[in-house]
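J.: Pasting a structure here, questions to come.
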Amino acid sequence: MDSVSSKGKKRKKAGLTKDEELELERLEDLILGRGKHVLKHADNPPASENEDVIDNSKKIKLPEAAWDDPDDSNVNVEEALAAQGRPKMGVPAKGSDHYQTMLKKRFEIRVGNSEWARLDRKVEHEDIDLLQRCGNFIEQESATLSKGILDIKKVKNLNKATGREGPYINSVQFHRTSTVALVAGTSGKASIFQVDGSSNPLLQTVKFDKFPIRCARFSADGNQFIVGSQHHSHYFVYDMMEGKSIRIPTHHATEQTTMKKFEVSPDGKLLAVCGRFGDIHLINARTKEWIGTLKMNGEVKALCFNASGSQLWTHGATGEVYVWDTGSRKYLHRFADDGCLEGSSISVSPSGQLVACGSTAGVVNVYNTQSALRSTVPQPAKAFMHLVTAASSLQFDPSSQLLAMASDGKDGAFKLVHFPSMTVFSNFPAKDRELLLGRVQSHDFSPNSGFLAVGNSQHTVQLFRLKHFGNY
């Protein structure tokens with residue numbers, strides 16, 4: 001018996017019309033995920049199918065949300081805690097708050113609530129949402145990013161729902177394991193947004209009184225975020241699961257005065273903090289205890305970890321780059337950044353093959369990592385002179401095919417470099433968008449390079465979709 005006659009018999013037995021059967025097959029494809037067939041429907045839904053969605057919506061029962069439980073429908077947080085014998089809820093909540101609402105909020109803060117997970121989502125004729133793509137679900141036409149022209153699209157500003165994190169957005173960072181992002185700035189407010197590119201809903205805002213935030217980072221496990229200021233010697237750790245912040249003073253014996261610039265090691269073991277007089281303070285990322293101080297010549301201007309967290313690279317006022325072993329906390333190597341009088345930024349590629357060093361003159365040198373580690377005066381593989389003011393920040397994307405270079409000294413001073421060609425994309429930012437981009441204070445790529453977020457000095461985090469990358 002062929003498949004056509006078999007389907008016909010099943011349809012007749014179930015009492016379904018042909019159009020109803022096609023709609024059920026489409027829904028099955030969307031749920032089970034059948035590669036390009038899903039993309040075809042998402043890109044070009046036939047008119048008849050659109051009609052069927054409306055006609056059959058009452059016949060097809062949508063799945064229920066994971067936090068929905070009939071027994072909890074009229075229970076508040078206080079009652080739920082009493083029934084469970086628990087002292088606290090684990091999220092910011094009042095005793096009178098609805099229990100199911102708090103469960104939903106806890107879920108969204110922890111893992112986000114992607115557009116594809118919405119129970120009332122409708123398939124529309126527009127760009128395919130990359131959040132519908134999981135892992136290697138969709139094969140890319142080419143794994144290698146092409147040089148020259150970047151296929152990039154401006155989407156809704158990441159912090160459109162608030163715009164209140166401060167005129168200077170000093171930190172923006174994507175969560176490593178869920179579709180949320182952290183935005184923080186000089187108003188002392190840190191906000192968590194759901195990232196979907198269309199509405200980017202606000203999940204939570206935390207206010208730190210009289211504490212203009214200069215640097216903010218997620219912990220490596222993603223359960224906390226840390227905020228530091230250039231005006232205070234203490235800093236705050238906010239636990240997103242417990243819904244509370246902890247004030248942590250710096251140790252008096254370390255001579256650490258601020259937390260204006262720090263990084264979290266990818267292995268979750270360390271916080272490295274730029275100190276004064278060449279000091280790099282190391283803090284246990286779990287206990288927040290000071291465990292040691294490294295020393296380099298001149299002021300420390302920038303630092304970064306390699307992908308494994310086994311090395312710390314620092315750049316400073318003397319134009320020299322230092323490399324440290326984080327396990328033994330010992331000096332490994334140092335070299336002179338070619339032509340640099342004063343360093344201002346540094347980034348090591350996730351692949352470990354490249355290191356980019358920026359200077360106050362705006363020059364960005366890119367070195368082969370192994371060459372840099374073998375010589376005290378290595379020659380750069382490429383020198384970029386596209387920035388005319390100090391290179392304030394550098395960052396490789398997770399695929400190591402892009403390098404973001406920015407200067408906060410001039411509007412629109414932001415460039416993206418392609419690798420391995422080591423050429424700058426000519427179409428971003430476009431000339432007419434440089435003023436809109438503003439003076440870039442911070443930027444970050446999402447975990448699989450699908451999004452690029454750029455924070456400026458005009459209250460805004462602009463969000464861009466990098467279409468080559470199929471995953472968030």
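All of the numbers you see were taken from the coordinates with simple rules; none came from a lab. Just so it is clear, the structure is predicted and the values come from calculations on it, not from any experiment. Methodologically, a virtual Cβ is constructed for each residue, glycine included, from the backbone with ideal geometry; neighbour enumeration extends over all protein chains shown.
J.: If R₀ is 22 angstrom, what is the calculated FRET efficiency for the pair K288 and K210, using the beta carbon separation as r and rounding to 0.05?
T.: The value I calculate is 0.55.
J.: Enumerate the calculated ³J(HN,Hα) couplings along region 261-270 in order (Karplus 6.51 cos²θ - 1.76 cosθ + 1.60, θ = phi - 60°), each rounded to whole Hz, writing x wherever the residue is Gly or Pro.
T.: The phi angles translate into 8, 8, 9, 9, 5, x, 7, x, 9, 10 Hz.
J.: I've got another one for you. How many nm is it between the label spots at L202 and A383, if each spot is 7 Å from the Cα in line with the beta carbon?
T.: Placing both labels 7 Å along Cα→Cβ, they lie 4.7 nm apart.
J.: With the crude spin-label approximation of a point 7 Å out along Cα→Cβ, what separation in nm comes out for S375 versus I248?
T.: With each label placed 7 Å out from Cα toward Cβ, I get 4.0 nm.
J.: Under Stokes-Einstein, with the Kirkwood radius over Cα pairs standing in for Rh, what whole-number D in µm²/s applies to region 304-463 at 4 °C and 1.567 mPa s?
T.: 82
J.: May I ask you to compute the full-extension gain from S421 to E78, defined as 0.36 nm times their residue separation minus their alpha-carbon distance, rounded to one decimal in nm?
T.: Stretched fully, the S421-E78 segment lengthens by 117.5 nm.
J.: Taking R0 as 22 Å, what FRET efficiency do you get between H333 and E255 from their Cβ-Cβ distance, rounded to the nearest 0.05?
T.: 0.25
J.: Distance between Cα centroids, region 329-369 to region 387-440: provide it in whole Å.
T.: Cα centroid of region 329-369 versus Cα centroid of region 387-440: 17 Å apart.
J.: So between K431 and S310, what do we pick up on full extension, going 0.36 nm a residue minus the alpha carbon distance?
T.: 39.5 nm
J.: May I ask you to compute the full-extension gain from V237 to D221, defined as 0.36 nm times their residue separation minus their alpha-carbon distance, rounded to one decimal in nm?
T.: Between V237 and D221, full extension yields an extra 4.4 nm.
J.: Something else now. Step through the table entries K189/K301; K189/K269; K260/K415; K244/K288; K260/K288, compare each Cα-Cα distance with 19 Å, and write down the pairs that go over it.
T.: Flagged as over cut-off: K189/K301; K189/K269; K260/K415.
J.: Can you tell me the order of 333-346, 379-392 when each peptide is scored by its average per-residue count of other Cβ atoms within 10 angstrom, highest first?
T.: Descending mean neighbour count gives 333-346, 379-392.
J.: Suppose every K and R has +1 on its Cβ and every D and E has -1 on its Cβ; what is the size of the dipole of region 298-389 about the Cα centre, in Debye to the nearest 20?
T.: Rounded to the nearest 20 debye, it is 220 debye.
J.: In what sequence, highest mean first, do 292-304, 451-463 appear when ranked by Cβ atoms within 10 angstrom?
T.: Going by the mean number of other Cβ atoms within 10 Å, highest first, we get 451-463, 292-304.
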